[in-house]
Amino acid sequence: MKANGLELLSIQSESLPVDKITNLSQVTEYINDASDVIIYLDNKVVIGQYQQGNFTFHDNTEIDFKYIRRIRVFNKNQELHLVRKNGILSGRLRNDTRGENTDCVEAHQVLFGTEAKSLDDYTQITEDRGTELLIPGDFEVNTQSKRVAIKTRHYLEYINGYQASYCDARFIDFVQLPVEGE
């Protein structure tokens, strides 16, 4: 059931710790399927894809491991989310195809961007305020009726069996959204 644009689900899910990642090739050991990737570097955010053991970006950006602050590699089934601490990446691998029954809420996090330009297999979305994103896929945006969003899943835990609290969140996919009222 959807309420206020949110949907409560009960799915199987497991979250496994991932630790001591010291180079980008180790990241690929945890990813089995084609995925989107967002890498937060010290000086910028790079969005691309992961396929068959390789990270690819529209502008052929080379990633220097020492500048990675955070990385999210995600698809419909799983997300690897790692954060840098003392030069080492660690975090978790969440898989939604196996594990314990888990309640979660799905939502759409709307991205900035009211103008779109197709660039090969990517879309460049921009906004007057200077925001610019290059995302994989073909999307349309405008000021009235269309937006791009990241579909997200927020996992619930129950404190003392009663009080619901969010304990984790993951990215699922980039999606095309109509604005409410369309």
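Here are a few things to note about the model shown:
- Cβ-placed point charges (K, R +1; D, E -1), dipole of the chain about Cα centre in debye, nearest 20: 580 debye
- Nearest-20 debye value, segment 104-178 charge dipole, Cβ charges on Lys, Arg, Asp, Glu: 240 debye
- Positive minus negative residues near SER35 (Lys, Arg vs Asp, Glu; Cβ under 14 Å): -1
- Adding -39500 (n - 2.57) for every DSSP H run of four residues or longer, then dividing by how many residues the chain holds, sets the calculated 222 nm ellipticity at -500 deg cm²/dmol.
- Inter-centroid distance (Cα atoms) of segment 131-158 relative to segment 63-116, Å: 14 Å
- Counting all C-alpha pairs of segment 104-178, share separated by more than 18 Å (%): 48 percent
- Over all projection directions, the Cα-based convex hull of segment 14-98 averages an area of 5.1 nm².
- Annotation: amide H-H contacts under 5 Å for GLY137 (H modelled 1.01 Å from N, sequence separation of 5 or more, or interchain): TYR122, THR123.
- Stretch in the chain that is longest and holds no trypsin sites (Lys or Arg not before Pro) that DSSP places in a loop and that have at most 14 other beta carbons within 10 Å: 130-182
Laboratory data are not the source of any read-out in this text; all were calculated from the coordinates shown. This one's a predicted model, so the numbers in the text were calculated from it and none came from an experiment. Cβ: placed from backbone, ideal geometry, glycine included. Neighbour counts: every protein chain shown.
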